[in-house]
Amino acid sequence: MKIVSLAKRRKSLSALGLVPFPDLTGWEGVQVETPRPKKGPDGALRPPAGDPKILLDADLCLRKGLRAGQELSEEALAELVAESARARAKSKALWLLSRRDYGEKELAGKLEREFGQEAAAYAARRMAETGLVNDAAYAQHLASQLLEGKKVSARQAVYQITAKGIDRDLAEAAVAGFSPDPKAQIRAVIQQKYSRCLSDEKGVRRTVAGLARRGFSFGDIREVLREWADAYDYNEDE
């Protein structure tokens, strides 16, 4: 196939026109610019003019010396698309990390939707190799947020940290580092959210349900509630 046009686009991209245009079915990370219909003088939409183009990283096109009139094999084009996806995934990873922390698997999952599995995994791995992604530190950060900020149980904290793609051993170590006292956490949650609910049985049941959703055991919940109302005896079988 032959390159018939190469034009710059915004966001550091270049549009590559090819004849014949390849079948891109099953290609990962490929981004195609498709002509859009335009309105005519009468306001009616006209069929789109022009052919689709492949969008590639502009710096990559410059480094490879791509130019109109050049012949490209399908294998060479596939490698260009893969390299471009990796470059764009790295750029997007840096942007995402400038906004908040990510774990390696979580970052790869975020990138995969746009750039494909291989490019996403590559970019996330590079971020980890350069120290911009650190699963152990991220697990510590999440543990602090969950245990000290949201006052969830240690069990729930481990569950939510691993749901972010963090290894279970790292998650458990991060949570254990805070040595949370479940009863102290329950008291804090009640003080913040449920202290006015404990005047009747309906309010107590609501409190129990809310604390259970945070991952606290019924045994610990019962013991703390008895400090507020010794007369209330919650029955797990009810």
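The values are calculated or read from the model by the stated rules, or taken from the named source; none is laboratory data. Since the model is a prediction, treat every value here as computed from it, not as a measurement. Virtual Cβ from ideal backbone geometry, glycine too; neighbours counted across all protein chains shown. To get the accessible areas, we keep the full protein, side chains included, count just its heavy atoms, and leave off ligands, DNA and RNA. Shrake-Rupley method; radii C 1.70, N 1.55, O 1.52, S 1.80 Å.
Projected onto the charge dipole of the chain (+1 at Lys/Arg Cβ, -1 at Asp/Glu Cβ, origin at the Cα centre), which of 153, 141, 219 gives the Cα projection farthest towards the positive end? The residue sitting farthest along the positive end of the dipole is 141. For the chain, a crude dipole built from +1 on the beta carbon of Lys and Arg and -1 on the beta carbon of Asp and Glu, taken about the Cα centre, is about 1320 debye to the nearest 20. Model label points for residue 209 and residue 187, set 7 angstrom from Cα along the Cα-to-Cβ axis, are 2.7 nm apart.
Counting only protein heavy atoms, what percent of the accessible surface of segment 1-120 is carbon or sulfur at a 1.4 Å probe? Could you put the intermediate results ahead of the total?
Values: 3690 of 7430 Å².
C and S atoms contribute 50 percent here.
Rounded to whole numbers, the Karplus 3J(HN,Hα) couplings from phi for segment 112-118 are 4, 4, 9, 10, x, 5, 5 Hz, using 6.51 cos²θ - 1.76 cosθ + 1.60 with θ = phi - 60°, and x at Gly and Pro. A dipole drawn for segment 55-157 from +1 and -1 charges on Cβ atoms has a positive end, and of 62, 108, 77 the residue lying farthest that way is 108. Karplus-derived 3J(HN,Hα) values for segment 154-165, using 6.51 cos²θ - 1.76 cosθ + 1.60 with θ = phi - 60°, are 4, 4, 5, 4, 4, 4, 6, 5, 5, 5, 7, x Hz; glycine and proline are entered as x. A simple charge model with +1 on the Cβ of Lys and Arg, -1 on the Cβ of Asp and Glu and nothing else charged puts the dipole of segment 41-163 at about 580 debye relative to its Cα centre.
For a Förster distance of 30 Å, can you work out the FRET efficiency between the beta-carbons of residue 222 and residue 145, rounded to the nearest 0.05?
On the way: r = 27 Å, r/R0 = 0.91.
The calculated FRET efficiency here is 0.65.
Under a Gaussian network description of the chain, with springs only between Cα atoms under 10 Å, the residue in 219, 165, 29 that fluctuates furthest is 219. With each label modelled as a point 7 angstrom along the Cα→C-beta vector, the residue 25-residue 59 pair spans 3.6 nm.
For residue 196 and residue 163, what is the calculated FRET efficiency with R₀ set at 41 Å and r taken between the beta-carbons, to the nearest 0.05? After rounding to 0.05, the efficiency reads 0.80.
Using a Förster radius of 41 Å, what is the FRET efficiency between residue 113 and residue 71 based on their Cβ-Cβ separation? Nearest 0.05, please.
Details: r = 33 Å, r/R0 = 0.81.
Once rounded, the FRET efficiency stands at 0.80.
Ranked by the mean number of other Cβ atoms within 10 Å per residue, highest first, peptides 13-26, 113-126 order as 113-126, 13-26. Across segment 144-150, coupling constants 3J(HN,Hα) worked out from phi with the 6.51/-1.76/1.60 Karplus curve, θ = phi - 60°, read 4, 4, 6, 7, 8, x, 8 Hz, and Gly and Pro carry x. Over the chain, DSSP H runs of length four or greater, each weighted -39,500 (n - 2.57), average out per residue to a 222 nm ellipticity of -15500 deg cm²/dmol. Listed by chain and number, the lysines whose C-alpha is less than 22 Å from the C-alpha of residue 8, apart from same-chain residues fewer than 8 away, are 38, 53, 64, 90, 92. Solvent exposure of the chain, expressed per residue, is 59 Å² of accessible area, with all protein chains present and a 1.4 angstrom probe. Under a 5 Å amide H cut-off, with hydrogens placed 1.01 Å from N, residue 9 pairs with 14, 15 among residues at least 5 apart or on other chains.
Pairs with C-alpha atoms separated by more than 19 Å, drawn from the list 150/193; 150/183; 105/150; 11/105, are 105/150; 11/105.
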